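Here is the structure we will look at, set down as structure tokens.
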Amino acid sequence: MNQVTSAGGVPIRILIVGGGCAGMSAALRLQQVLRPQLRSGQAEITVVEPQPYLTYHPLLAEVAAGSIDPRHVVVPLRRVLPECRVLTARVTRIEHAGRRAWVDAAPRGEHGVPTELAYDLLVVAPGSVSRTAPVPGLAEHGLGFATVGEAVSLRNHVLEQLDLASSTRDPALRQAALTFVFVGAGYAGVGALAELEDMARYAAKGYHNLSAADLRWVLVEATDRILPEESPELAAHTLAELRDRSVDVRLSTTLESALDQVMVLSDGSRFAARTLVWTAGVRPAPLLRDTDLPLDAAGRVRCLPTLQVAGPDGAPLPGVWAAGDGAAVPDPEAGLCAPNAQHALAQARLLADNLAAALASRPQTPYRPERQSCSTSLGLGRGVAHTRRGQLTGRRAWWLHRARHLRRLPSLDRRVRVLTGWLLGGLFSREVVSLGSVEHPRSEFEAGFPKQ
């Protein structure tokens, strides 16, 4: 075991790449276990993340449905990490052999001159990005579902389609506006579709010429089942519930084209739809390709059970750990841990403890994945959940889903705010007003200027 200590009064520099579930949780734990060293100047922690906050992804579906205020599923990094230096920037390259990383602090969409950042210990937790495909028309018409902005935008978009369908006299436009297509039937896709379908069903009651039966919801999945993370029995129950709600679920089917907002499926179907939501999985952050760390075939960092990065010879690579969606962590039962928030949070805590153990020359502990406790909401009062004792459906699963994620949300402040929102939501009716204009705040101002 290599003991890492400061030399000549110089603090040990710990760099955490990523401020998502894994990165922020690791920083929180390190902040706790290394507090004496941080306050005495023997150690310093730097967290680099493009966004100044963590997004708690498992609750995005409820943000899209309006059950949770968007601000309450994001955790400000600087507020919860007062002992760390937080840089709102992008890491563009890592050269671990020389203990150097390059950071670009230019605003989003711009490219600046990366600055060099030296470190002694490295935590790699950049997370993942949406896995897209070269489908014609997808880039022009598709909507993602990985950020708070995308969840809010999707909510506004769905409500705007109801307004459009109610106002137009064109039957083709009306039908296209009331057709909603989701590609990908994992927890993200199923949860988003079910929550929005439930919200739109309620919103349709406010229109004199619309009903829930006018709305068409299509779920496209390339494999032969939905919810691949779940047991076949629970997946079959969820499929039956969606179909009972008139959701058109297409299994073993892919999206071939979305040109001109016309959906062409591999089963030969062809129909117009003004809403296309892409939730077909994730892939490791592209940043990992710009490092000298060993990657597996999927582009994830190879890890040992202790969450240390595995070198080419299988031995621990000195001074670097990884966790979260971008880490290939061994799972004795499944081969590798699935990229989800439950693993990321558990790995992050152990990673911090193992890093602290390395600093003290103590043995490190291997990661032993617990049985997955997955769940999702399918709208108000409805859900599915997997527990250690079995499976739950309906209202009990919905309550369990909310309780689980309220407990996992890494901020007491956010937990109280989310819980308060849920309680108030139970007392009053849904808010189904579209605020789509906030996405283009200057449009009305610009319209006031005479055209040249």
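Name the residue farthest towards the positive end of the dipole of the chain from the options VAL73, THR92, ALA151, assuming +1 on Cβ of Lys and Arg, -1 on Cβ of Asp and Glu, about the Cα centre. Comparing the listed Cα positions along the dipole, VAL73 ranks first. Heavy-atom accessible area for TRP398, with the other protein chains in place and a 1.4 Å probe, reaches approximately 20 Å². Helix-only mean residue ellipticity at 222 nm, the chain, DSSP H runs n ≥ 4 weighted -39,500 (n - 2.57), per residue, nearest 500. What is it? After summing the helix terms and dividing by residue count, I get -9500 deg cm²/dmol.
What size of dipole, in debye to the nearest 20, comes out for region 168-326 about its Cα centre when the only charges are +1 on Lys and Arg C-beta atoms and -1 on Asp and Glu C-beta atoms? It would help to have the intermediate numbers written out before the result.
Values: 15 positive and 21 negative charges, 108 e Å.
Here the size comes out at about 520 debye.
Each of the peptides 16-22, 269-275 was scored by the mean count of other Cβ atoms within 10 Å over its residues; in descending order, highest first, they stand as 16-22, 269-275.
Grab the other residues whose beta carbon is less than 14 angstrom from that of ARG174, score K and R as +1, D and E as -1, and report the net.
On the way: positive: ARG169, ARG216, ARG274; negative: GLU160, ASP163, ASP170, ASP214.
Its environment carries a net charge of -1.
Ranking VAL320, LEU239, PRO294 by how far each Cα lies toward the positive end of the dipole of the chain (charges on Cβ) leaves VAL320 at the top.
What is the diffusion coefficient of region 206-289 in µm²/s, taking the Kirkwood radius over Cα pairs and the Stokes-Einstein relation at 25 °C with a viscosity of 0.890 mPa s? Provide the component values of the computation, followed by the final result.
Details: Rh = 15.1 Å.
Translational diffusion coefficient: 162 µm²/s.
Surface composition of region 224-274: carbon plus sulfur atoms contribute 47% of the solvent-accessible area (1.4 Å probe, protein chains only, all chains present).
Antiparallel DSSP bridges in the chain: what percent, to the nearest 5?
Values: 33 of 68 bridges.
Counting only bridges with both partners in the chain, antiparallel ones make up about 50 percent.
For the chain, with only Lys/Arg (+1) and Asp/Glu (-1) charged at the beta-carbon, what is the dipole magnitude about the Cα centre, in debye rounded to 20?
Numbers: 49 positive and 44 negative charges, 272 e Å.
Value, rounded to 20: 1300 debye.
Dipole orientation for the chain: of the candidates TYR202, PRO284, GLY390, GLY390 has the Cα lying most toward the positive pole (charges on Cβ; Lys, Arg +1; Asp, Glu -1). Compared with the direct C-alpha span, the chain from ARG216 to THR147 gains 22.4 nm at full extension, assuming 0.36 nm per residue. The residues of the chain present an accessible area of 47 Å² per residue when probed at 1.4 Å with all protein chains retained. Electrostatic tally near SER25: other residues with Cβ closer than 11 Å to its Cβ, Lys and Arg +1, Asp and Glu -1, net +3.
Net charge of the neighbourhood of SER252, taken over other residues with C-beta under 15 Å away and scored Lys/Arg +1, Asp/Glu -1, is -3. For the chain, the relative contact order is 19 percent, taking Cα pairs closer than 8 Å that sit 6 or more residues apart in sequence and dividing their mean separation by the residue count. Measuring from centroid to centroid over Cα atoms, what is the spacing of region 5-73 and region 129-203 in Å? That distance is 32 Å. Candidate membrane-span-like segments in the chain, meaning DSSP H helices with Cα atoms spread over at least 15 Å of their own axis and a Kyte-Doolittle mean of 0.0 or above, are 21-33, 148-167, 187-203, 341-359, 412-427, with no membrane implied. Nothing charged except the Cβ atoms of Lys and Arg (+1) and of Asp and Glu (-1): what's the magnitude of the dipole of region 345-422 about its Cα centre? Round to the nearest 20 debye. Computed charge dipole of region 345-422: roughly 360 debye.
The values are calculated or read from the model by the stated rules, or taken from the named source; none is laboratory data. What you see is a predicted model; the values in this text were computed from it and never measured. As a convention, Cβ positions derive from the backbone with ideal geometry for all residues, glycine included, and neighbour counts pool all protein chains shown. For accessibility, only protein heavy atoms count, side chains too; no ligands or nucleic acids. Shrake-Rupley method; radii C 1.70, N 1.55, O 1.52, S 1.80 Å.
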